[in-house]
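Following: one structure in structure tokens, then a few remarks.
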Amino acid sequence: MDKKTALEALSAEIRACRRCPLGQTRLQAVPGVGFPDARVVFVGEGPGYQEDRKGEPFVGPAGQLLDKILASIGLSRQTVYIANVVKCHPMKDPSNPDLRGNDRPPLPEEAAACMPFLQRQLAVISPEIIVALGASALRALAPQVAGLTKVRGTWMSYSLPDGKTFKLLPTYHPAALLRNPNWKKDVWTDMKALRQELGLRENS
Ligand code: URA
């Protein structure tokens, strides 16, 4: 099976998932988007209110910033793959899906229930590099490390249960940059390191 077909089959499974309580209440699961043969996979925390409505990751304000971050080193939604630790939005009040304000880090049991999907996405795509966007992604991919501010911008690794290993680069989540614009220079440093690791030219 080719990567595109394998990812589509996985996305269909994710859309049908009711493995944890988030799956009972979300409007749409958000499997992921991008190039099946991507060299880099960006991993966020989980869908927010707008992603829940669209079924696509990073479509709100943080997503617009992520698009700019990608473009700054010549990447795009069409050349990378974008996914999240959890695929379903935590609904504030399932009887009223229009209520906003419940974007929150996944609970450990929600992340544990959903991680096999991310692992299978990584196994199919087999990227060279995973970029962990923010503390929740880092916690899921490197539970042993101290904290995001200590390790951001340092090259680490992530191994699938079968031992397949990828380079892992933790950086700030774009939503955190919207709250703390002074962190943007650190993300720019990290993106330049990513560009160099990928062997991309400046202005490419
Ligand atoms: N934040 C995330 O971590 N993921 C999304 O898909 C959107 C916002």
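We did not get these values from a lab; they are worked out from the coordinates using the rules stated. What you see is a predicted model, and the numbers here were worked out from it, not measured in a lab. Cβ placement follows ideal geometry from the backbone for every residue including glycine, while neighbour counts extend to all protein chains displayed.
The table that follows gives values for the structure above.
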read-out: Relative counts (whole %) of C-alpha pair distances in the stretch 138-192, using bins that are 5 Å wide; value: 4, 18, 27, 22, 16, 8, 3, 1
read-out: Anisotropy class of the stretch 60-147 from Cα gyration tensor, a/c 1.5 cut; value: oblate
read-out: Mean separation of Cα contacts under 8 Å, 6 or more apart, over the residue count of the stretch 1-69: relative contact order %; value: 27
read-out: The stretch 57-104 - Rg and Dmax from Cα coordinates, angstrom; value: 13.8, 43
read-out: Dipole magnitude (debye, nearest 20) for the stretch 3-198, charges at Cβ of Lys, Arg, Asp, Glu; value: 260
read-out: Cα gyration tensor shape of the stretch 1-70, rounded if a/c is under 1.5, else prolate or oblate by comparing a/b with b/c; value: oblate
read-out: Largest-first ellipsoid semi-axes for the stretch 1-151, taking √(5λ) over the Cα gyration tensor eigenvalues, angstrom; value: 22, 18, 16
read-out: Mean Cβ neighbour count within 10 Å, used as a protection proxy, ranking 148-158, 33-43 highest first; value: 33-43, 148-158
read-out: Cα centre as origin, Lys/Arg/Asp/Glu Cβ charges: the stretch 88-136 dipole, Debye; value: 20
read-out: Rounded to the nearest 20 debye, dipole of the stretch 84-194 from Cβ charges on Lys, Arg, Asp, Glu; value: 340
read-out: Selection from N203, L133, L7, by position along the positive dipole direction of the chain (Cβ); value: N203
read-out: Nonlocal amide H pairs with W155, under 5 Å, H built at 1.01 Å; value: none
read-out: Dipole axis of the stretch 3-198 (+1 Lys, Arg; -1 Asp, Glu on Cβ), positive-most option in A123, A175, P47; value: A175
read-out: With Cα atoms, 0 to 90° folded angle of helix 184-198 axis to the chain main axis; value: 70
read-out: Global geometry of the stretch 98-196, whether rounded, prolate or oblate, following the gyration tensor of its Cα atoms and the 1.5 cut on a/c; value: oblate
read-out: Close Lys-Lys pairs in the stretch 2-126, where close means Cα under 21 Å and separation is 8 or more or interchain; value: 6
read-out: Whole-number percent relative contact order across the chain, with pairs defined as alpha carbons under 8 Å at least 6 apart; value: 23
